[in-house]
Ligand code: NAD
């Protein structure tokens with residue numbers, strides 16, 4: 001009976017087969033939703049694809065977070081969405097009157113879902129308005145902007161979390177736990193491939209191909225999942241990187257940004273990561289971790305849902321079975337719990353900065369024809385997701 005499985009018993013069980021038990025236990029422990037008046041109020045800034053398709057629906061089903069305001073440059077769209085979500089008209093803000101959120105006690109957290117180059121400005125303005133911030137990845141388009149965001153959060157004494165949904169996703173968590181437990185033996189090699197075809201006729205992709213708004217192209221949009229995954233899977237930080245690229249400059253999509261980049265990270269344990277990203281290859285968000293004894297294959301490993309993880313030992317393949325969750329609701333609930341003082345900040349600004357610094361090292365190496373670049377600047381994550389995030393809240 002899942003209710004009878006104590007945490008201690010779980011720890012004592014062998015790793016094989018614990019995923020289902022852990023999931024069952026977690027399901028049994030799932031906490032009920034808070035009453036609406038106790039939920040943390042979120043303002044969503046930018047009402048594009050992700051906000052409309054995932055974030056606002058996620059807030060509908062969140063346990064401890066709720067939508068209380070929207071910020072948009074399009075009044076009609078904002079009014080339509082606000083009406084559909086039952087928000088009053090005074091909960092609609094434009095980019096011009098955004099700073100008025102300081103006087104709106106309904107808003108505790110501001111979720112930045114804008115093109116990457118706008119993250120820093122809107123994060124810092126929200127922090128100055130006294131709000132906590134959840135900011136989409138990549139955190140910003142430069143190391144200096146990330147540092148300014150972290151400094152602004154410190155000055156305002158407010159929380160700054162980067163929206164790394166995979167830190168809260170059950171299959172990724174289970175993979176981290178199995179690797180930490182030694183079930184694969186010593187991890188030797190990680191391979192991450194994250195990319196897709198970009199479509200410039202889609203406004204949501206047009207800015208992603210424009211360096212001014214996106215910073216890096218495929219790397220900042222998709223490759224970042226691989227950069228982050230190699231770090232959370234191995235639970236260590238790369239000390240050296242080298243990278244090669246292949247961008248067809250006759251393809252009008254790549255007038256200002258890079259297309260294919262392949263990199264290698266060297267980790268202190270000796271593990272190596274081969275990463276790739278592209279806006280001109282068949283869509284994938286996959287990774288694989290080879291240990292001495294077994295490997296974990298995740299394909300896909302970072303989709304919004306339907307991720308497929310398996311433990312592979314020679315010819316034997318065993319599915320990793322964990323429950324499907326709404327990753328966006330989970331992540332926003334986690335942020336709400338951070339604000340309520342009930343959960344540690346697992347994905348702080350420093351995590352976002354580390355990825356931006358590593359991506360800068362990748363592009364520096366690329367610019368220098370694959371020259372090795374040291375990334376041994378001593379960063380260590382504050383909190384291991386595998387140690388604190390339950391499979392299901
Ligand atoms: P989108 O283009 O669909 O939405 C962006 C919104 O910003 C639009 O509503 C647009 O009107 C608004 N905007 C304001 N100023 C703009 C400008 N100057 N140019 C273009 N748009 C402007 O993009 P999206 O897919 O919703 O992505 C938004 C952010 O979310 C990005 O940072 C992206 O990396 C991130 N994202 C994260 C995930 C995830 O899984 N965590 C998935 C998709 C996107």
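Go through the range 88-99 and count every residue that is assigned to a loop (DSSP other than H, G, I, E, B) and under 22 Å from residue 123 (Cβ atoms).
Initial filter on the range 88-99 (assigned to a loop (DSSP other than H, G, I, E, B)): 88, 94-97.
Then drop every residue that is not under 22 Å from residue 123 (Cβ atoms), which leaves 94-97.
Summing the residues that are assigned to a loop (DSSP other than H, G, I, E, B) and under 22 Å from residue 123 (Cβ atoms) in the range 88-99 gives 4.
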Only residues that are crowded, with 22+ Cβ neighbours inside 10 Å and away from the ligand (no atom under 12 Å from the Cβ): list them for the range 199-233, please. 226, 227, 229, 230, 231, 232, 233
Looking at the range 129-234, what strands (runs of 3 or more DSSP E) fall wholly within it and have at least 1 residues that are in the same structural domain as residue 274 (by TED's automatic domain parsing) and farther than 21 Å from residue 335 by Cβ? 187-197
Take the conditions more than 11 Å from the ligand (Cβ to nearest atom), modelled with pLDDT of 95 or more and closer than 22 Å to residue 304 by Cβ and apply them to residue 27. Does it pass? no
Over the range 87-116, the set of residues out of contact with any strand residue (DSSP E or B) (no Cβ under 7 Å at 6 or more places or on another chain), in contact (Cβ under 8 Å) with a residue 40 or more places away in the chain and surrounded by fewer than 20 Cβ atoms within 10 Å (Cβ to Cβ) is 115
Among the residues of the range 125-152, what is the count of those that are buried (at least 20 other Cβ atoms within 10 Å of the Cβ) and closer than 19 Å to residue 356 by Cα? 13
Which members of the range 256-285 meet the condition of being closer than 15 Å to residue 230 by Cβ and in contact with a helix residue (DSSP H, G or I) (Cβ under 8 Å, 6 or more places away or on another chain)? 261, 263, 265, 267, 269, 271, 273, 275, 276, 277, 285
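Each row is one residue, and each column tells you yes or no for (1) buried (at least 18 other Cβ atoms within 10 Å of the Cβ); (2) assigned by TED's automatic domain parsing to the domain that holds residue 366; (3) outside any loop (DSSP other than H, G, I, E, B).
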{"position": "270", "(1), (2), (3)": "no, yes, no"}
{"position": "274", "(1), (2), (3)": "no, yes, yes"}
{"position": "277", "(1), (2), (3)": "yes, yes, yes"}
{"position": "282", "(1), (2), (3)": "no, yes, yes"}
{"position": "289", "(1), (2), (3)": "yes, yes, yes"}
Under 7 Å between Cβ atoms, which residue pairs at least 6 apart in sequence (or on different chains) link something in the range 31-59 that is more than 24 Å from residue 98 (Cα to Cα) with a partner that is at pLDDT 95 or above? 31/63; 33/63; 34/63; 34/64; 36/66
Looking at the range 376-386, is at least one residue crowded, with 18+ Cβ neighbours inside 10 Å, at pLDDT 95 or above and in a strand (DSSP E or B)? no
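Is there a residue in the range 101-110 that is in a loop (DSSP other than H, G, I, E, B) and within 16 Å of the ligand (Cβ to nearest atom)? Step through it out loud before you land on a result.
So in the range 101-110, the residues in a loop (DSSP other than H, G, I, E, B) come out as 104-108.
Add one more test, that the residue is within 16 Å of the ligand (Cβ to nearest atom), and what stays is none.
No: the range 101-110 contains no residue that is in a loop (DSSP other than H, G, I, E, B) and within 16 Å of the ligand (Cβ to nearest atom).
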What is the number of the single condition among (1) within 20 Å of residue 229 (Cα to Cα); (2) within 14 Å of the ligand (Cβ to nearest atom) that residue 133 does not meet? (1)
Could you check, for the range 330-342, whether at least one of its residues is in a loop (DSSP other than H, G, I, E, B) and at negative phi? yes
Of all residues in the range 49-86, which are crowded, with 17+ Cβ neighbours inside 10 Å and within 13 Å of the ligand (Cβ to nearest atom)? 50, 51, 54, 55, 56, 58, 70, 71, 72, 78, 81
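The values are calculated or read from the model by the stated rules, or taken from the named source; none is laboratory data. Model, not experiment: these values are computed from the prediction. Every residue, glycine as well, gets a Cβ built from its backbone with ideal geometry; the counts of neighbours run over all protein chains shown.
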